Amino acid sequence: MTDQNICDPVTLEIVRGAISAAQREMEALIERTAISAFIREKKDFYSALFDAEGVMAVGSMVPVFGDMTGPVFKHFPRATMRDGDLYWYNDCYGSQGAVSHSNDQVLLKPVFRDGRLCAFVMGWAHFADIGGMRPGSISPDTKEIFHEGIIVPPTKLVDAGTLNEGALSIFHRNSRYPAQSAGDMSALMAAVDLGTTRVAEIVDRFGSDVMADALAQLLTRTRDLVRSKLSETFDYGTHSFTDRIDADGHGGGPYALRFSLTREKGTAGDRYIFDASETDDQAPGPVNFLMNPGVPGMALGLFYLGGDASHVCNAGGPLALDEVILREGSLVQPKWPAPLGMRGLTMMRTISTLNGLVNAAGGAAPASHAAYVIAIMRGTFTAKDGSAQPYLLADGIGVGYGARTFADGIDAVYFVAQENYPVEFLELSYPIRLREYGVVCDSGGAGRYRGGVGIVREYEILADTSVLGIRIDGVENPPWGQGGGMGGGAGRIVVNPGLPNERVLKPLSDGNPLVKADILRIETGGGGGQGHPHDRPSDKVLADVLGGYVSVEAAARLYGVAIEGREIDATETARLRATRPEVKAFHRKEYVDVLD
């Protein structure tokens, strides 16, 4: 404890635990009270707490957070705020990418105690439909952000306890499912009210000065750790990495993400400069990712924190970088009013590119992962009373993640803490039947540590009519493996597989018609592997074969392990592994020293 720190180390840990618990309780309330499936079942929501200056003190382990409070402060200075106020926005361009597509709604509420502004709480959730070109509001067909639904600039939704009902009425009126929209907004408002109560209780217990000092110490702790890890990873000079997304759905692509990080000596210590200015120009289609300048530091920070329970996810990651250079008009800094709805595939490849940047500098980040798949079905079905009823199913489907330097990649994961819809929920809620739900054999990149495998979902369409929008990336540029590991498998989508009327759909497309009794099969991609495949213990290869993750043929061809029945053929395995294939630093379809 120093003269500057009025919060002692023991109290600091108690405050850290208390604010983390408050943040988790907010998210539990959203999950249990929201109406739409994407929030309640998929868990596409986040919450965060901020200090009195609006600097994030604790948030979800999600590497796409930027400056969430700045957009509100620009329109509503902190000095003008009152107890009971609540602010709302979803304006991507107005928030400089703090929100990166319009379906995401942000609520921000100040916390006052004894007339003093002490903190802010935030709730964020993906709303299923906010208007726009197609049901669900996001579509590969969009050409401008106006096609993607209503845009809400920073707005005072509640003024000292008085609700702006007119603003909410306009918003819900623009949704094709207004009751669902209203229910989700109620859940989000309840969550920030709960967060305000919990933070106020912490302030009452410890005092506003101790609370403020505790948050400042936690911020410094994270920043110092991230900068220490950056110094261990990045030598002086410039380090670069390039990755690609396939297409934009409008004939463009591939698009390259070119990132670099420079470490240089400065007058006050080392400087770390992130530069994405060489990234390709923005796309006509909705794959643009309006990346907030805080995102690179947040993503690197979460990698270096590595789930360490003694730290919290906060703005210390972004503050660890001294400068972030983004070029207006690029894929990661598009100009208004470029569409953004399908930005998730570029966002996921951004994280993969950052991993590659760490590895290019000699670090130990995971191999590349696939981008989670989105399938949006909209149409009508015949209800029990004979009436035609509309339905909207936005099914986000998990993928394989890249192998780590110490373990296999994670199988069948959507994104962070979000989940795949259970079969029972899908069949009870929508006019479909799941014929198959499992893992995609051989989709994980081979390696000493295997890449995570993707998912197969096969639906039987029970609706009378449906139109499908699909987003799959990494078909032409699949996830890369590293250190001798091989790249992950690509995803695919096919209607009526193996039948005379089989048709393979474009992986980023919309307007695909489906009729009753059609079979829709979606296979998602796998993650890249780490290390030479011949270094994988043969008993692990056997376990993969028995578990359906690796085929017998791939076990012999890629891993050099011969399987007979349910056992290893030791003699044939020794013969296969006697010839060790040459490998290089990276693998995407073939081994290369540098990805370009």
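Overview of results
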| quantity | calculated |
| --- | --- |
| Condition met for T350 (open to solvent by 40 Å² or more (accessible area, probe 1.4 Å), over 18 Å from H126 (Cβ atoms) and of a type in the set (S, T, N, Q)) | no |
| Residue count for region 357-391, restricted to those that are open to solvent by less than 30 Å² (accessible area, probe 1.4 Å) and either without any contact (Cβ under 8 Å) to a residue 24 or more places away in the chain or more than 21 Å from the chain's Cα centre (by Cα) (or both) | 7 |
| In region 413-429, the residues that are of a type in the set (V, I, T) and not in a loop (DSSP other than H, G, I, E, B) | V413, V423 |
| Those residues of region 266-292 which are modelled with pLDDT under 95 and surrounded by fewer than 22 Cβ atoms within 10 Å (Cβ to Cβ), in sequence order | G266, T267, A268, G269 |
| Options T233, T222; residue that is out of contact with any Cys (no Cβ under 6 Å at 6 or more places or on another chain), within 23 Å of M26 (Cβ to Cβ) and not hydrophobic (A, V, I, L, M, F, W, C) | T222 |
| The listed residue being more than 21 Å from G356 (Cβ to Cβ) and assigned to a loop (DSSP other than H, G, I, E, B), out of P286, P293 | P286 |
| Subset tally (residues that are of a type in the set (G, A, S), under 18 Å from L340 (Cβ atoms) and either out of contact with any strand residue (DSSP E or B) (no Cβ under 6 Å at 6 or more places or on another chain) or not in a loop (DSSP other than H, G, I, E, B) (or both)) for region 243-282 | 2 |
| Those helices (runs of 4 or more DSSP H) lying entirely in region 1-97 with at least 3 residues in contact with an Asp or Glu (Cβ under 8 Å, 6 or more places away or on another chain), modelled with pLDDT under 90 and of a type in the set (K, R) | none |
| Considering residues of region 494-511 that are assigned to a strand (DSSP E or B) and in contact (Cβ under 8 Å) with a residue 40 or more places away in the chain only, the residue nearest to Y401 (Cα to Cα) | L508 |
| Within region 560-596, considering residues that are among the acidic types (D, E) and over 20 Å from D544 (Cβ atoms), the one surrounded by the most Cβ atoms within 10 Å (Cβ to Cβ) | D596 |
| Residue list for region 142-170, filter: over 29 Å from the mean Cα position of the chain (by Cα) and either assigned to a strand (DSSP E or B) or hydroxyl-bearing (S, T, Y) (or both) | V158, D159, T162, L163, S169 |
| Any hit, region 514-534, residues being in a helix (DSSP H, G or I) and either in contact with a Ser or Thr (Cβ under 6 Å, 6 or more places away or on another chain) or of a type outside the set (V, I, T) (or both) | yes |
| Yes/no for R221 being surrounded by 16 or more Cβ atoms within 10 Å (Cβ to Cβ), under 24 Å from the mean Cα position of the chain (by Cα) and basic (K, R) | no |
| Flag if A370 is touching a Leu at 6+ places or on another chain (Cβ under 9 Å) and not in a helix (DSSP H, G or I) | no |
| Hits in region 545-559 - residues which are out of contact with any strand residue (DSSP E or B) (no Cβ under 7 Å at 6 or more places or on another chain) and open to solvent by 70 Å² or more (accessible area, probe 1.4 Å) | L546, E553, R557 |
| Cross-chain or 6+ apart pairs with Cβ under 6 Å, region 556-572 first and more than 24 Å from G485 (Cα to Cα) and in a loop (DSSP other than H, G, I, E, B), then among the acidic types (D, E) and modelled with pLDDT of 95 or more | none |
| Single condition I397 does not satisfy, out of (1) under 18 Å from G488 (Cα atoms); (2) free of Cβ contacts under 8 Å to residues at least 24 places away in the same chain; (3) among the aliphatic types (A, V, I, L, M) | (2) |
| Condition check for V106: assigned to a loop (DSSP other than H, G, I, E, B), open to solvent by less than 40 Å² (accessible area, probe 1.4 Å) and within 26 Å of A37 (Cα to Cα) | no |
| Yes/no for G344 being touching a residue at least 12 places away in the same chain (Cβ under 8 Å), on the phi > 0 side of the Ramachandran plot and not aromatic (F, W, Y) | no |
| Residue match in region 430-443 (condition: out of contact with any Asp or Glu (no Cβ under 8 Å at 6 or more places or on another chain), surrounded by fewer than 16 Cβ atoms within 10 Å (Cβ to Cβ), at pLDDT 95 or above and part of a strand (DSSP E or B)) | yes |
| E476 vs. criteria acidic (D, E), open to solvent by 10 Å² or more (accessible area, probe 1.4 Å) and part of a strand (DSSP E or B) | no |
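To keep it simple, each residue is scored yes or no on (1) open to solvent by 10 Å² or more (accessible area, probe 1.4 Å); (2) under 27 Å from L163 (Cβ atoms).
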site	(1), (2)
I14	yes, no
A22	no, yes
E41	yes, no
Y46	yes, yes
V58	no, no
D67	yes, yes
R78	yes, yes
W88	no, yes
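The values are calculated or read from the model by the stated rules, or taken from the named source; none is laboratory data. Keep in mind that this is a model prediction, so the values were computed, not measured. Please note: Cβ atoms are built from the backbone with ideal geometry, for glycine as well, and neighbour counts cover all protein chains shown. Just so you know, the surface numbers come from the protein's heavy atoms only, side chains and all, with ligands and any DNA or RNA stripped out. Shrake-Rupley method; radii C 1.70, N 1.55, O 1.52, S 1.80 Å.
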